[in-house]
Amino acid sequence: MVNLEKNNMVMDTNILIIDDEEDQAETIAESLRKVGYTCLTAVSGNNVLDIIRKDEIDVVITDLVMHEIDGMRILRETKEHSPETEVIVITGHGSVETAVTAMQKGAATYLLKPINISHLRTVVDKVVEKQNIVRSNIELHKQLEEKFGFAGIIGNSQQMHRIFNILKQIASTTATVLIVGESGTGKELIARAIHYNGPRKNHPYVVLNSAAISESLLESELFGHEKGAFTGALHQRKGKFEYANNGSLFLDEVGDMPLTTQAKLLRLIEDGRIVRIGSNESVKIDVRIIAATNKDLGELVKEGKFREDLYFRFNVICLRLPPLRERQEDIFLLIDSFIKEFSKINGKNIKDISPEARKILFRYDWPGNIRELRNCIESMIVFNQNGVLDINDIPEHIYKSNRVALTGPVFPVGVTLDEMEKELMKNTLAYVGGNRGETAKILGIGERTLYRKLEKYGLK
């Protein structure tokens, strides 16, 4: 069976072989070309450094001892120009110590003369495979940062700008954070952004939803258990805190946590040690806690359903996320982002969404917040047939709710006509995502008239 992944890895790798014996360099190159590598050869000299600096070289294979330029200088110049380029040095038996020094200075490995071609290919394969793993990890971190970094949080409203400013201040710390907001407002996305933009981003990020686990199992999930600690405990098991050691633990829906578990959690926060169920030994841990709830913990404290001392521990930094209905100016940004995301996922070429559909989605109250809007757009894309999302694609319950929505703002007595007109224009612009042509059509006025009035009211 052909290993396609390995074939791609080989084909995408450029190798430079450097030796002051041209025949030797060409022999090595030819042996690697046979298995698919792209190889260049160079005789030692200053032109070698030009090749390294100009060309995209993945692996350099160089002799250590050469007349015009030695392998140590090639290693140094390569690593200065391109740290991710791997260097394999070739040495005689008498220069093994020098080869070891080269490895200490960044060389991947060394080969002894005379070169065994089969061994050479094996060594190169391993070096290239390791290099690709490193690159994949770098790419993964990049993707994580794009997805869970601040750029992955969408919003241009005043409320979201405030949240961005807070995030920038707290992410670099290790302080406990409490995120408060209705279901679907993006609490976990915020939690991930805090972790992946902080000092613990290269360590585990672990999630536990307190509301999704029964009271009898919650403590085991958090703290772990020993074999035989209770019926069904057939093996020793680590808890979420141990898995999150040196990283972050996101405790979702902490308002649903039982009081007994709260007491043990408080003790853990205070002394930084966990005790597995069924054990008398404590384990030292270092975990950043990011908690979230859709409930008012202050009220739960008054009702005796949440420990006051734990509330104060959680509430070091409190981040309140606004519901979508309070940040309507972000709705169209979110719609456009979800269209792009789900078009790609579902293999659809969705070009746009009609102004009529935009208006209906804007007027909807979104009780499920961003999560509901996200699901709505995905559903619309799945069922769309013509490349433009329209009112016919809108889920029925959202479309019907629009019929009973307010047809326009209700103004109190005493408001001037100018004030009413200004508000109407502002709302209509928001309905159509700032499209002035559509705004003029809806209001039944010409675009020139619209521009003049926008300037009059300071809305340009």
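The values are calculated or read from the model by the stated rules, or taken from the named source; none is laboratory data. What you see is a predicted model; the values in this text were computed from it and never measured. Note that each Cβ is placed from the backbone with ideal geometry, even for glycine, and that neighbours are counted across all protein chains shown.
Within region 1-43, the residues that satisfy the criterion of being of a type in the set (S, T, N, Q), more than 36 Å from the chain's Cα centre (by Cα) and either modelled with pLDDT of 90 or more or closer than 19 Å to Ser82 by Cβ (or both) are Thr27, Ser31, Thr41. Of the residues making up region 154-193, those that are outside any loop (DSSP other than H, G, I, E, B) and either touching a Pro at 6+ places or on another chain (Cβ under 6 Å) or of a type in the set (Lys, Arg) (or both) number 5.
Applying the condition of being in contact with a helix residue (DSSP H, G or I) (Cβ under 9 Å, 6 or more places away or on another chain) and either at pLDDT below 90 or in a loop (DSSP other than H, G, I, E, B) (or both) to region 44-62 and asking which residue is surrounded by the fewest Cβ atoms within 10 Å (Cβ to Cβ) yields Arg53.
Inspect all residues belonging to region 95-112 and state whether any of them is at pLDDT below 75, over 30 Å from Ile163 (Cβ atoms) and part of a helix (DSSP H, G or I). Yes, some residue in region 95-112 is at pLDDT below 75, over 30 Å from Ile163 (Cβ atoms) and part of a helix (DSSP H, G or I).
Scan region 352-364 and tell me whether some residue there is over 27 Å from His161 (Cβ atoms), in contact with a Gly (Cβ under 8 Å, 6 or more places away or on another chain), crowded, with 17+ Cβ neighbours inside 10 Å and without any contact (Cβ under 8 Å) to a residue 60 or more places away in the chain. No: zero hits.
Among the conditions (1) in a helix (DSSP H, G or I); (2) loosely packed, with under 15 Cβ neighbours inside 10 Å; (3) in contact with a Gly (Cβ under 9 Å, 6 or more places away or on another chain), Asp286 misses just one, which is (1). So which residues in region 194-209 are part of a helix (DSSP H, G or I) and at pLDDT 90 or above, if there are any at all? Listed by number, the residues that qualify are Ile194, His195.
Hey, can you tell me all the residues within region 366-393 that are surrounded by 18 or more Cβ atoms within 10 Å (Cβ to Cβ), more than 26 Å from the chain's Cα centre (by Cα) and not in a helix (DSSP H, G or I)? Asn384, Leu389, listed by residue number.
When Leu251 is tested against (1) modelled with pLDDT under 95; (2) surrounded by 15 or more Cβ atoms within 10 Å (Cβ to Cβ); (3) under 29 Å from the mean Cα position of the chain (by Cα); (4) not acidic (Asp, Glu), just one condition goes unmet, and that condition is (1).
Which residue pairs have Cβ atoms under 7 Å apart, sit 6 or more places apart or on different chains, and have a first residue in region 289-316 that is closer than 24 Å to Tyr243 by Cα and a second that is assigned to a loop (DSSP other than H, G, I, E, B) and of a type in the set (Gly, Ala, Ser)? Short answer, once both residue conditions are applied: Val316/Ala175.
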